[in-house]
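Working notes for the structure below.
The values are calculated or read from the model by the stated rules, or taken from the named source; none is laboratory data. Treat the numbers as computed from the prediction; the structure is a model and nothing was measured. As a convention, Cβ positions derive from the backbone with ideal geometry for all residues, glycine included, and neighbour counts pool all protein chains shown.
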Amino acid sequence: MPCPELSGYALQPILAVRHTHGVAFPAEVGFRQILVTGPPGVGKSTLVARIGGWSEEGYLDLTQKKWWTSQALTLRPREIHLGFPFIGFAKALAVFDQEWLAGSPPPRLECERIRLPPPKRFFFNPDWYRRYVFEFLLPPEESVFRWRTERARLGTHPVDAHLTLEVVRQQIQVYRRIALYLHHNGLHVYIRQGMDASPMAIIETGPHPE
């Protein structure tokens, strides 16, 4: 299935929520299901620390065979960096990898190479679609650019070097498209537009990609 267009969805507030350490989560989501992801500088580590999650970051290559069984997903909630398939690159790239950043424009997603978990068919099979819930932390682009510019002055995060608003915009767009792709394929996904913001459900408004 090709990558969906960003114009094909809208966001709707999730009304049924519960609070953990002052952060609102969908009421039906279990604490140990949560995987927080998003581009650099959006507040993933801060959010995970605030709710008392696992402190170490993980990495998940969505093109890898059986990524849903990765040890990086064993301890939850936690922060997960994602590796994506891009046209012209045999291996998955993160949006902070130099190969992705060097492109002008950056390389395009190739969603057809993303692997998806098998559906639960028998009683004793794991239900991968219920085991994980992906929270995509995606604040407004201008806010992320401002935060990362301020952070760059401290020199603590090399990913903030030579940052531009366009790079931030492109990184957020990649994550938005992946969020919609995973949602469309049945994984449990929601979007948060800031750490203190309420979770938002994805509502598809356009035609489904074939």
### Query
Do any strands (runs of 3 or more DSSP E) lying entirely in segment 1-119 carry at least 3 residues that are within 15 Å of the chain's Cα centre (by Cα), and which ones are they?
34-37, 58-61, 78-83
#### Entry: segment 187-210, residues that are more than 15 Å from the chain's Cα centre (by Cα) and either hydrophobic (A, V, I, L, M, F, W, C) or closer than 23 Å to residue 92 by Cβ (or both)
197, 203, 209
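Conditions (1) on the phi > 0 side of the Ramachandran plot; (2) at pLDDT 95 or above; (3) among the hydrophobic types (A, V, I, L, M, F, W, C); (4) in contact with a helix residue (DSSP H, G or I) (Cβ under 8 Å, 6 or more places away or on another chain), marked per residue:
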{"residue": "110", "(1), (2), (3), (4)": "no, yes, no, no"}
{"residue": "115", "(1), (2), (3), (4)": "no, yes, no, yes"}
{"residue": "124", "(1), (2), (3), (4)": "no, no, yes, no"}
{"residue": "136", "(1), (2), (3), (4)": "no, yes, yes, yes"}
{"residue": "141", "(1), (2), (3), (4)": "no, yes, no, yes"}
{"residue": "145", "(1), (2), (3), (4)": "no, yes, yes, yes"}
{"residue": "150", "(1), (2), (3), (4)": "no, no, no, no"}
### Summary
Here the residues within segment 123-175 that are in a loop (DSSP other than H, G, I, E, B) and under 16 Å from residue 81 (Cβ atoms) are 132, 138, 157
### Message
Checking the structure you have, find out if any residue of segment 2-18 is at pLDDT 95 or above and either over 25 Å from residue 205 (Cβ atoms) or in contact with a Cys (Cβ under 8 Å, 6 or more places away or on another chain) (or both).
### Response
yes
### Summary
residue 81 vs (1) in contact (Cβ under 8 Å) with a residue 60 or more places away in the chain; (2) of a type outside the set (A, V, I, L, M, F, W, C); (3) in contact with an Asp or Glu (Cβ under 8 Å, 6 or more places away or on another chain): all pass except (1)
#### Entry: segment 141-167 - residue that is among the hydrophobic types (A, V, I, L, M, F, W, C) and closer than 12 Å to residue 96 by Cα and, of those, farthest from the chain's Cα centre (by Cα)
161
### Query
Would you call residue 191 in contact (Cβ under 8 Å) with a residue 60 or more places away in the chain, surrounded by fewer than 15 Cβ atoms within 10 Å (Cβ to Cβ) and assigned to a strand (DSSP E or B)?
no
### Message
All but one of (1) of a type outside the set (D, E, K, R); (2) in contact (Cβ under 8 Å) with a residue 40 or more places away in the chain; (3) surrounded by fewer than 19 Cβ atoms within 10 Å (Cβ to Cβ) hold for residue 158; state the number of the condition that does not hold.
### Response
(2)
